[in-house]
């Protein structure tokens with residue numbers, strides 16, 4: 001996967017999260033979890049963009065660590081939406097799979113990059 005393809009994939013995931021959260025009925029817990037989910041999902045893409053502008057391989061590796069953490073946090077909030085029954089888990093399955101996949105891709109990239117530093 002190229003840098004541009006991953007950027008597009010991350011943006012699409014963030015947009016899917018935004019649309020999902022906007023469709024959830026309003027409640028205190030849905031609002032709190034939704035805001036956290038939007039924050040982490042949009043942060044994944046934004047931090048990857050920043051990582052690609054890194055000044056060195058070490059800088060890129062460091063910023064990829066943030067991307068991985070935010071992707072994993074996104075997974076957590078998606079799971080919480082389902083387990084709290086705010087959103088049906090079957091409605092979240094594809095988005096949860098995407099968050100896990102992105103976390104794995106970034107983690108593998110970090111491992112590969114560490115070997116070449």
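The values are calculated or read from the model by the stated rules, or taken from the named source; none is laboratory data. Just so it is clear, the structure is predicted and the values come from calculations on it, not from any experiment. Glycine gets a Cβ as well: all are built from the backbone with ideal geometry, and neighbour counts include every protein chain shown.
Numbers for the structure displayed
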item	result
Scope the stretch 16-36; condition surrounded by fewer than 14 Cβ atoms within 10 Å (Cβ to Cβ) and part of a loop (DSSP other than H, G, I, E, B); matching residues	25, 26, 27
Residue in the stretch 97-117 that is within 14 Å of residue 36 (Cβ to Cβ), outside any helix (DSSP H, G or I) and touching a residue at least 12 places away in the same chain (Cβ under 8 Å) present	no
Failed item, numbered, when residue 74 is tested on (1) assigned to a helix (DSSP H, G or I); (2) touching a helix residue (DSSP H, G or I) at 6+ places or on another chain (Cβ under 6 Å); (3) farther than 12 Å from residue 44 by Cα	(3)
Condition check for residue 8: under 25 Å from residue 81 (Cα atoms) and loosely packed, with under 15 Cβ neighbours inside 10 Å	yes
Unmet criterion (only one of (1) out of contact with any helix residue (DSSP H, G or I) (no Cβ under 6 Å at 6 or more places or on another chain); (2) surrounded by fewer than 16 Cβ atoms within 10 Å (Cβ to Cβ); (3) farther than 18 Å from residue 3 by Cβ) for residue 69	(2)
Residue match in the stretch 37-50 (condition: over 19 Å from residue 108 (Cα atoms), in a helix (DSSP H, G or I) and either more than 11 Å from the chain's Cα centre (by Cα) or modelled with pLDDT under 95 (or both))	no
Residues satisfying the stated conditions in the stretch 77-96, i.e. touching a residue at least 40 places away in the same chain (Cβ under 8 Å) and not in a helix (DSSP H, G or I)	84, 86, 87
